[in-house]
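Encoded as structure tokens, the structure appears first; notes follow it.
Taken together, the values in this text are just the output of simple stated rules run on the coordinates, not laboratory data. None of the values given here were measured: they were computed from a predicted structure. Backbone-built Cβ (ideal geometry, glycine too); neighbour counts: all protein chains shown.
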Amino acid sequence: MDRSSGGVYPLADDPEGSISLDASSALTTLINLVSDGVEGLAKSAELVEDDVARSLFELWSSERRQFLADLHNIAARFSADDEEPGTVGGAVHRAWMTAKSAVTGDDEAVIEAAVRGEQTAIDAYEDALGTDLPDYARPVIQQQLEQIRSIHDRLTNWDAV
């Protein structure tokens, strides 16, 4: 089906089912964003000096890899464009984090960048949940959103930890 037509796409495992262009686009956006998140959190782990922060960033990057696998499984049920390895914006953001960290030598700069990245993810997940996602996708995406919010809160309150 021509995706530029703005219609719906058949589900691969259910010829009677369909997914809207908005939901398909939202899922593709999440896949790209989560792919960026895997790399960004791993880069953060490399850049921070604090051992606790490094361990958390490594854990969160690993969790984000599982998010990506879950999203790919959802996309496999229909014809979503799910093969993006990340975005140019994500690569630019990681390069900026490296440069800023090198100049400041400051874990705080890395944590601030991670907070911005997690807020971007929260916004994209909320947007996706505002579309007519298939019933099987909604709980997975909602659970991922809650985990991202938890990470965002932890990073936002880093000094209190």
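Table for the structure above
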item	result
Extension gain from Asp127 to Asn157, taking 0.36 nm per residue of separation minus the Cα-Cα distance	8.3 nm
Förster-model FRET efficiency, 35 Å R0, Arg54 and Val140, C-beta, rounded to 0.05	0.80
Relative packing of peptides 111-120, 136-145, 31-40 - highest average C-beta neighbours within 10 Å first	31-40, 111-120, 136-145
The range 53-69 - phi-based ³J(HN,Hα) in whole Hz, Karplus 6.51/-1.76/1.60, Gly and Pro as x	4, 4, 4, 5, 4, 5, 4, 5, 5, 5, 4, 5, 4, 5, 4, 4, 4
